[in-house]
Amino acid sequence: MKPFMLLLLLLCPLWLYAQTDAEKKTKAELLAKLEYIMQLQDRRTIHDGKLIEFLGDKDPLVRERAVRAYGSIQDTSVMSLLVERLANETPAIELSAAFAIGQTAGLLSKPSREILEHDLIWVRADKSAATDRLIEEIGKFGTETGLRDLVTRFGDASAAPRSGALIMSIARFGIRGVTAHEATEYIIKQIKPQDRARWEAVYALMRIGDKAEVRAEIDDIAQLYRNENPLARMNVATLLGKVKIEKSSIEPLLKLAEFDSDWRVRVNALKALANFKLDDQEEVLKMFRRSFGAGNRYIALTALTSIGNSGIQLNDSTPARREVLAALKHLSLNENEGAIWQIQAEAATALAKLLGPAAFRHIRIADYPQRLLKAQLLVALGTTGAPEAAPVLSGYLQDHDPTLMRSALEGLQDLSTKNPGNTSVVSTTYNAALHALDESDVAVVITAASILGDSLFARPGSVEPLLAKLSTLRLPDDIEAMQEFAATLGKIKDVRAVGGLQQLVRSSDYSVALAAAAALKAITGNEYKTQMLNSYEPSYTDFDFKYLEALPPIIHVKIETIHGDIMCDFYKDDAPFTIMSMLKLASQRGFYRGLPFHRVVPNFVIQGGDPRGDGSGGPGYSLRSEFSERRYEAGTIGIASAGKDTEGSQFFITQSPQPHLDGRYTIIGKVTSGMNVVDKILVDDHIYDIKVID
């Protein structure tokens, strides 16, 4: 062997080893940067300028993650930097920049939004790889002028490839109540012919709602009930319920409500029909009566809820009204227990709304084993407006079951609202709310404070008890209570509350400080936001990067329920800290075992993960919102919140696309199989466990 060949062979392993070391170092540096960005995003530490530095990093992945972080942080001071990243970047960065702009620009003043939208529409749009996303994101913050400009710029035949983005942008304008004649006419063109209309265009029209242009075309629009896509049919049903033109709408809605092959369409049609005057609609009332006994319980529950909201005068004047009245009374009493408790509760509520005081004797609170049934019946008693319900409701305030106490308080408040001149009922409610401030359960206390802020009960005598209780509340467990107390004191407008509220303005929680500043302004007329802290960091963090590193990018998860298993994929990079929290709660604490689905809204969401089971509980800490570009489709899994950066353990699964949730609630994953299980879940159905599947 020649000498130089031997030397090369000897040196090669050293060279390869050195290269591997360099690669390892580079990877470690990249990982450290990404982790630091995650910390900055979670801490919301934007005041030190460190996150801005990453926008100019040489690694495109680092720049992308920094840009995406601003989609959750929503810092208007970097808007110009985000706009700059709409061009001359990687497609991923430009997409994240468009998303972050859409998330943040709504916080700008109207003049600033007008300047921004003009620049984006007429200067930037064609220069970005994320043009479609940018068009759609403008719908989250644009003005009416911007809407018109978008249609002018992208609404002609030459811009047909952009039609999908423009349609969803117009829908997002509509969600915010911003419409324009040009945009409405554009959408109407997109739904013709009706049998080929995309569901997104029908959704956009539904969000635009009752406009003159829609009314002029209502006969043609109503024919969308024949569209082969159930998403189109369910949205046209909702639209017809908004426009409320009987001649064009009743017949198609009646067909959809009783005969459609998709239960979600039937649910929307039932809700839509409740918006019409039904007193003389015999066929519609008969259909509702039949739907009370539908095999699909979502349809039955929606029929009961919708008839309760219809305002129909229930009496014996026609056969259909007589049948509906008899059915509601029978289901409300449920003497032979032939109906599930959820049906009984909904029937009682409907009866209370429609009959008023006459419904009182048809709502009986027996020793039912279902606590949630008793809770809903208590609220229904208050809804009747019958003064004799007051002692019944007051009796449950001594129960010390937090769920029943809250329902009794809510029932008393409703009862007082319906009897404002009955000093006995109003006084009973006021005193009950004052006494409830002494309870240890935070949800009961929040309900009591809310009642004391009602104009019917807003009295100077509440100030001292409210301040006394407020002084005992602590972060992070009592954030919502502190917000509610501040709001109530602001409504009472008593100067004695100023001292206590000034202390809250310096709270380490932004939402509490903001609520206190608003209350102080209501009382004094002065601005107090300048007294708030310059920056806020979360009271809870968990930067367990070793745990995160061990998780794959897509995590396979099984949610075991009483009706079967729901298989899901969790997307680690989209919401790392939220997913880590949920998985740790499930695996290390067995947190989700036995918890109920406490909220079910047919054709919207099923929601669970609350240890209290009433929607007011959590894990004992709050998480920061982690927004991403993903959309709420059917089967998307999101995290419930009481506002930005208040997420916890509660999660929900959507039963159909819900674009209005996009960018507002953290998305952690999507159902991959088991939507048939999702569509069987009722309130109080339980989770057996949540497990990671290898």
query: From the set of residues in segment 567-608 that are buried (at least 16 other Cβ atoms within 10 Å of the Cβ) and basic (Lys, Arg), which is farthest from SER628 (Cα to Cα)?
result: ARG599
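Only one of GLU464, GLU439 is in a loop (DSSP other than H, G, I, E, B) and either under 25 Å from LEU623 (Cβ atoms) or not assigned by TED's automatic domain parsing to the domain that holds SER622 (or both). Can you tell me which?
After ruling out the rest, the residue left standing is GLU439.
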- prompt: What number goes with the only condition from (1) surrounded by fewer than 19 Cβ atoms within 10 Å (Cβ to Cβ); (2) over 23 Å from ILE667 (Cβ atoms) that LEU61 does not pass?
  reply: (2)
field: VAL505 being touching a Phe, Trp or Tyr at 6+ places or on another chain (Cβ under 9 Å), within 30 Å of ILE693 (Cα to Cα) and crowded, with 18+ Cβ neighbours inside 10 Å
entry: no
query: Could you give every pair whose Cβ atoms fall below 6 Å, whose first residue belongs to segment 522-538 and is touching a residue at least 40 places away in the same chain (Cβ under 8 Å) and within 18 Å of LYS644 (Cα to Cα), and whose second residue is surrounded by 16 or more Cβ atoms within 10 Å (Cβ to Cβ) and among the hydroxyl-bearing types (Ser, Thr, Tyr), counting only separations of at least 6 or pairs across chains?
result: TYR536/TYR510
field: Complete set of residues in segment 76-102 that are under 20 Å from SER625 (Cα atoms) and touching a helix residue (DSSP H, G or I) at 6+ places or on another chain (Cβ under 7 Å)
entry: THR76, VAL78, MET79, LEU82, LEU95, SER96, ALA97, ALA98, PHE99, ALA100, ILE101, GLY102
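For every residue, the table says whether it meets (1) among the hydroxyl-bearing types (Ser, Thr, Tyr); (2) within 22 Å of VAL444 (Cα to Cα); (3) more than 27 Å from the chain's Cα centre (by Cα).
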| residue | (1), (2), (3) |
| --- | --- |
| ILE343 | no, no, no |
| ILE365 | no, yes, yes |
| GLU388 | no, no, yes |
| VAL392 | no, yes, yes |
| TYR396 | yes, yes, yes |
| ARG406 | no, yes, no |
| LEU409 | no, yes, no |
| LEU412 | no, yes, yes |
message: With the structure loaded, tell me whether ASP132 is within 24 Å of ALA159 (Cβ to Cβ) and either in the same structural domain as LEU661 (by TED's automatic domain parsing) or under 27 Å from the mean Cα position of the chain (by Cα) (or both) or whether it fails that test.
response: yes
message: Looking only at residues that are of a type in the set (A, V, I, L, M, F, W, C) and touching a residue at least 24 places away in the same chain (Cβ under 8 Å) in segment 539-550, which one is surrounded by the most Cβ atoms within 10 Å (Cβ to Cβ)?
response: LEU548
- line: If we keep only residues of segment 649-675 that are under 20 Å from PHE543 (Cα atoms) and either modelled with pLDDT under 95 or aliphatic (A, V, I, L, M) (or both), then the residue nearest to the chain's Cα centre (by Cα) is ILE667
message: Checking the condition at positive phi and either surrounded by fewer than 21 Cβ atoms within 10 Å (Cβ to Cβ) or out of contact with any His (no Cβ under 8 Å at 6 or more places or on another chain) (or both), which residue from HIS330, HIS400 passes?
response: HIS400
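Can you confirm whether segment 637-646 contains a residue that is among the polar types (S, T, N, Q) and either touching a His at 6+ places or on another chain (Cβ under 6 Å) or buried (at least 21 other Cβ atoms within 10 Å of the Cβ) (or both)?
No, there is no match, as no residue in segment 637-646 is among the polar types (S, T, N, Q) and either touching a His at 6+ places or on another chain (Cβ under 6 Å) or buried (at least 21 other Cβ atoms within 10 Å of the Cβ) (or both).
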message: When you check VAL425 against the structure, is it part of a helix (DSSP H, G or I), touching a Ser or Thr at 6+ places or on another chain (Cβ under 6 Å), outside the structural domain of ASP614 (by TED's automatic domain parsing) and touching a residue at least 24 places away in the same chain (Cβ under 8 Å), yes or no?
response: yes
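Here's the yes/no breakdown for (1) under 29 Å from HIS686 (Cα atoms); (2) touching a Lys or Arg at 6+ places or on another chain (Cβ under 7 Å):
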residue: ASN315; (1), (2): no, yes
residue: ASN334; (1), (2): yes, no
residue: ALA350; (1), (2): yes, no
residue: PHE360; (1), (2): no, no
residue: ILE363; (1), (2): yes, no
residue: ALA366; (1), (2): yes, no
residue: SER394; (1), (2): no, no
residue: LEU415; (1), (2): no, no
residue: SER424; (1), (2): no, no
- line: Per the list (1) outside any loop (DSSP other than H, G, I, E, B); (2) in contact (Cβ under 8 Å) with a residue 12 or more places away in the chain, residue check on ALA129 breaks on (1)
- prompt: Taking segment 136-145 on its own, how many of its residues are out of contact with any Gly (no Cβ under 9 Å at 6 or more places or on another chain) and either in a helix (DSSP H, G or I) or surrounded by fewer than 24 Cβ atoms within 10 Å (Cβ to Cβ) (or both)?
  reply: 3
task: Filter segment 657-694 down to residues that are among the polar types (S, T, N, Q) and surrounded by fewer than 23 Cβ atoms within 10 Å (Cβ to Cβ) and give me whichever is nearest to GLY615 (Cα to Cα).
output: GLN658
query: Of the residues THR152, THR131, which single one is surrounded by 15 or more Cβ atoms within 10 Å (Cβ to Cβ) and of a type in the set (Ser, Thr, Tyr)?
result: THR131
- prompt: Counting only residues that are among the β-branched types (Val, Ile, Thr) and at pLDDT below 95, how many does segment 571-619 have?
  reply: 0
query: If you take the residues in segment 155-177 that are more than 19 Å from ARG113 (Cβ to Cβ) and free of Cβ contacts under 8 Å to residues at least 24 places away in the same chain, which one is surrounded by the fewest Cβ atoms within 10 Å (Cβ to Cβ)?
result: ALA157
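The values are calculated or read from the model by the stated rules, or taken from the named source; none is laboratory data. This structure is a prediction, so every number in the text was calculated from the model and none was measured. Note that we place each Cβ from the backbone using ideal geometry, even for glycine, and neighbour counts take in every protein chain shown.
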